[in-house]
Each structure stands twice: as structure tokens, then as C-alpha cells.
Amino acid sequence: MTSINQAAKALISGQLVAFPTETVYGLGADAENETAVARIYSVKGRPQDHPLIVHIPSREFLSYWTRSVPEYALKLAKAFWPGPMTLILQRSDAAKDFITGGQDSVGLRVPGHEVAISLLQEFATLGGKGVAAPSANRFGKVSPTTANDVREELAEHLSDSDLILDGGSSEVGIESTIIDCTGEAPRILRPGAITKAQIERVTSIQVAEDKSMIRVSGALENHYAPNAKVILDENPVSGDGFIAMATATTPEGVVRLASPSSIEEFASELYRALRDADKRNLKRVVIWQPVGDGLAIAIRDRLEKARTKG
Ligand code: TXA
Ligand code: MG
């Protein structure tokens with residue numbers, strides 16, 4: 001078993017460390033080491049202009065990475081960190097172009113997972129300021145929610161000195177809520193387990209609608225996608241994989257991949273079920289979208305992107 005101390009040392013010396021968070025597993029590198037960060041992009045097969053989230057052990061590290069933090073963002077940090085929320089803030093000089101994709105902002109998150117926090121704290125005692133980590137999957141594919149998923153996804157692209165920390169299954173199961181805090185009001189860029197209602201309650205500000213993301217989700221490019229065709233809200237036929245709430249019955253010959261009995265369970269099982277579809281070599285997976293707001297909005301956002309277009 002890799003110790004936290006070994007993993008922190010690996011990061012400091014420029015290696016990659018995949019680690020568990022409560023949302024999904026991340027593929028980490030020292031956020032100040034350009035060569036190490038470049039390896040994240042090649043291991044993931046990800047375009048260079050996509051910015052990375054910097055993971056920090058506590059909100060005390062905000063001042064290192066940012067120029068200014070609006071009052072409402074500080075309220076959010078106090079209320080929801082450690083937790084499934086990423087704040088986009090005006091960057092300081094510490095956040096280089098190779099982290100931000102050349103933007104004037106930086107994404108920051110304190111993850112709510114014991115292993116992740118221990119790793120980040122240990123990394124800080126060695127002088128590290130933050131760990132850049134995208135989800136530990138190949139670009140466009142399903143995010144991993146177990147250490148084994150990471151191994152299956154990335155083993156052939158990692159080098160022998162890179163590490164994978166095992167912290168069990170990610171509890172939330174879908175990526176963090178991303179909130180743009182560079183304007184006068186918070187704006188949700190990616191929905192997640194921290195909901196619009198929670199953000200409005202804590203900040204007492206109405207959350208802005210984000211039109212730009214609506215355009216992105218309509219793009220042809222697939223994300224969060226398994227090899228199987230993803231079909232939404234149709235009736236499954238024999239041989240199809242099927243994901244729906246427990247109240248839905250499974251027709252004859254259909255392979256039931258998940259029967260969550262709550263929205264939380266739907267989120268935490270979704271990516272595992274999509275991976276299952278590929279392991280079973282299914283051609284199609286039919287998903288009945290959960291209804292409602294809050295976390296259900298985040299699930300529908302991922303499903304819309306995973307859906308096979310055309
Ligand atoms: O739950 C999560 O957020 C996971 C875990 C590992 O923390 N991470 C994650 O990272 O989902 P990734 O790289 O797969 O997705 C991060 C998203 C990207 O779509 C990126 O464009 C956006 O965050 N992002 C990062 N920095 C940004 C910035 N400065 N401005 C706008 N978007 C940003
Ligand atoms: Mg990702």
C-alpha cells in the first residue's frame with residue numbers, strides 16, 4: 001500500500017498521483033510544476049487549452065492562488081468546503097497559464113475526502129501549494145469513481161513511478177459544482193451536488209443563468225461517454241443495458257445496470273453502471289432521466305452530454 005507521505009513526495013518530485021475525492025477520482029500533479037502538469041494532458045489525451053482545477057487543503061490557501069475573493073465567494077467557501085464545489089476566482093501570479101489555459105481566472109477546490117485532504121496537507125508540509133487534478137479518465141470518457149476504474153482507464157498511459165491511491169468508491173459520484181465567482185453574482189458553470197438553492201441561501205444573491213454552457217452542451221462533441229450508445233428516455237429492448245430508478249421494471253432480456261432508489265444513489269452509481277455496460281460489451285444503454293431539481297439537474301446535465309448524438 002502506498003502511504004500518504006510517499007504520495008506527497010511523488011507529487012513534489014514531479015510524478016503524477018491519482019487520488020480519491022468524494023466526487024470522482026482525480027489525476028494529480030504539483031500545480032506549480034509545468035512539466036508534471038504537461039504530463040496530465042498527455043496521459044488524459046486532453047486539449048491544452050482546457051483549464052485545470054487546483055485542489056487545496058483549506059481555504060487559507062485561497063490568498064496564494066487568487067488576487068481577490070468577493071464576499072459571496074468567501075461565504076460559499078466557508079459553507080461548503082471541504083465539499084463538492086469548485087470556485088472560479090481571479091487568479092494571482094501563482095496560477096500560471098499552464099493551469100488556467102491562459103485565462104485570467106483559476107478554479108479552486110477543497111475536496112471532502114479524508115485521503116485527499118491528508119494528501120493535500122502532507123503535500124503542503126513539503127512546501128506544495130496546490131494539486132492540479134482533472135478527473136482521472138481519458139478525454140471525453142466516463143469519470144472514474146474507484147481506484148480500479150483509474151487503473152483500467154489510465155494504466156497504459158502512466159509511468160512506473162506514478163501512483164494511484166485507493167480510497168474506496170467516490171460517494172457523490174459526479175463532478176463538483178463549478179461556480180464562476182469573477183462577476184457580481186455567482187454563476188453556475190457546471191451543476192453538481194451543491195445546488196442553486198443552496199448557493200442562493202448562503203449568499204442571499206440570485207444565481208445568474210449561464211447561457212454559454214447551454215451552447216456547450218448542445219455541441220456535437222461527446223463527454224462522460226461510454227463506448228455503448230447512450231439513449232435517453234426510450235423503452236429498452238432485449239439486449240440493451242438499462243439504468244432507471246428502482247420503481248421502473250426491467251423488460252424481458254434487458255440488462256439492468258442500476259436501480260437506484262434515490263437521486264443521491266443515481267448519481268453515485270451512474271458512472272459505475274456506464275462502465276459496466278462497456279465491460280459487458282453492450283451496444284446500447286437506455287437511461288431514464290431522473291426528474292426534479294437539485295442533484296437531478298446535475299445528473300441530467302451529464303446524461304445530455306453522454307447521449308449519443310445524431
Ligand atoms: O469534482 C471535480 O471537480 C473533479 C475532482 C477530481 O475534483 N475534477 C474535475 O476536473 O471534474 P475536470 O478537469 O475533469 O473538469 C474541470 C472543469 C473543466 O471543464 C474546466 O474547463 C473547468 O473545470 N475549469 C477549470 N478552471 C476553470 C477556469 N479558470 N474557468 C472556467 N472553467 C474552469
Ligand atoms: Mg473531467
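The values are calculated or read from the model by the stated rules, or taken from the named source; none is laboratory data. No experiment lies behind these values; they were computed from the predicted model shown. Every residue, glycine among them, receives a Cβ derived from its backbone with ideal geometry; neighbour counts consider all protein chains shown.
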> Hey, K78 hits all of (1) more than 29 Å from A267 (Cβ to Cβ); (2) surrounded by fewer than 18 Cβ atoms within 10 Å (Cβ to Cβ); (3) free of Cβ contacts under 8 Å to residues at least 40 places away in the same chain but one; which does it fall short on?
Replying inline: (1)
> Taking region 135-158 only, how many residues are part of a helix (DSSP H, G or I), within 16 Å of ligand 2 (Cβ to nearest atom) and not charged (D, E, K, R)?
Replying inline: 3
> Here are some residues: L11, L27. Which one is more than 15 Å from P57 (Cα to Cα) and crowded, with 24+ Cβ neighbours inside 10 Å?
Replying inline: L27
> For S68, which of the numbered conditions (1) away from ligand 1 (no atom under 13 Å from the Cβ); (2) surrounded by 15 or more Cβ atoms within 10 Å (Cβ to Cβ) fails to hold?
Replying inline: (2)
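Would it be correct to say that I199 is hydrophobic (A, V, I, L, M, F, W, C), in a strand (DSSP E or B) and either within 16 Å of ligand 2 (Cβ to nearest atom) or touching a residue at least 40 places away in the same chain (Cβ under 8 Å) (or both)?
no
Out of all the residues in region 36-46, is one or more in contact with a strand residue (DSSP E or B) (Cβ under 8 Å, 6 or more places away or on another chain) and in a strand (DSSP E or B)? Let's see the steps before the verdict.
Applying the first criterion (in contact with a strand residue (DSSP E or B) (Cβ under 8 Å, 6 or more places away or on another chain)) to region 36-46 yields 36-37, 39-40, 43-44.
Adding the requirement that they be in a strand (DSSP E or B) leaves none.
So far as region 36-46 goes, no, none of its residues is in contact with a strand residue (DSSP E or B) (Cβ under 8 Å, 6 or more places away or on another chain) and in a strand (DSSP E or B).
Residues are listed down the side, and each one gets a yes or a no for (1) more than 16 Å from S143 (Cβ to Cβ); (2) of a type outside the set (G, A, S):
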position: G241; (1), (2): yes, no
position: T247; (1), (2): yes, yes
position: P251; (1), (2): yes, yes
position: R256; (1), (2): yes, yes
position: A273; (1), (2): no, no
position: N281; (1), (2): yes, yes
position: W288; (1), (2): yes, yes
position: V291; (1), (2): yes, yes
position: L295; (1), (2): no, yes
> Given F139, F123, which one is aromatic (F, W, Y) and either within 14 Å of ligand 1 (Cβ to nearest atom) or without any contact (Cβ under 8 Å) to a residue 60 or more places away in the chain (or both)?
Replying inline: F139
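Please go through region 275-293 and give me each residue that is closer than 16 Å to E264 by Cβ and either surrounded by 18 or more Cβ atoms within 10 Å (Cβ to Cβ) or basic (K, R) (or both), ordered by number. So that I can check it myself, show each step before the final result.
Within region 275-293, the first condition is being closer than 16 Å to E264 by Cβ, and the residues that meet it are 289-293.
Answer for region 275-293, where residues must be closer than 16 Å to E264 by Cβ and either surrounded by 18 or more Cβ atoms within 10 Å (Cβ to Cβ) or basic (K, R) (or both): just P290.
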> Are any residues in region 89-107 in a strand (DSSP E or B), over 11 Å from P51 (Cα atoms) and of a type in the set (A, V, I, L, M), and if so, which ones?
Replying inline: L89
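Only one of these is within 16 Å of ligand 2 (Cβ to nearest atom) and not β-branched (V, I, T): A124, A95, A79, A132. Name it.
The unique qualifying residue is A132.
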> With (1) more than 16 Å from ligand 2 (Cβ to nearest atom); (2) surrounded by fewer than 21 Cβ atoms within 10 Å (Cβ to Cβ); (3) part of a loop (DSSP other than H, G, I, E, B); (4) not basic (K, R) as the list, and H50 as the residue in question, which single condition is left unmet?
Replying inline: (1)
> Only one of A7, A18 is within 19 Å of L154 (Cα to Cα), modelled with pLDDT of 95 or more, part of a helix (DSSP H, G or I) and of a type in the set (G, A, S); which?
Replying inline: A7
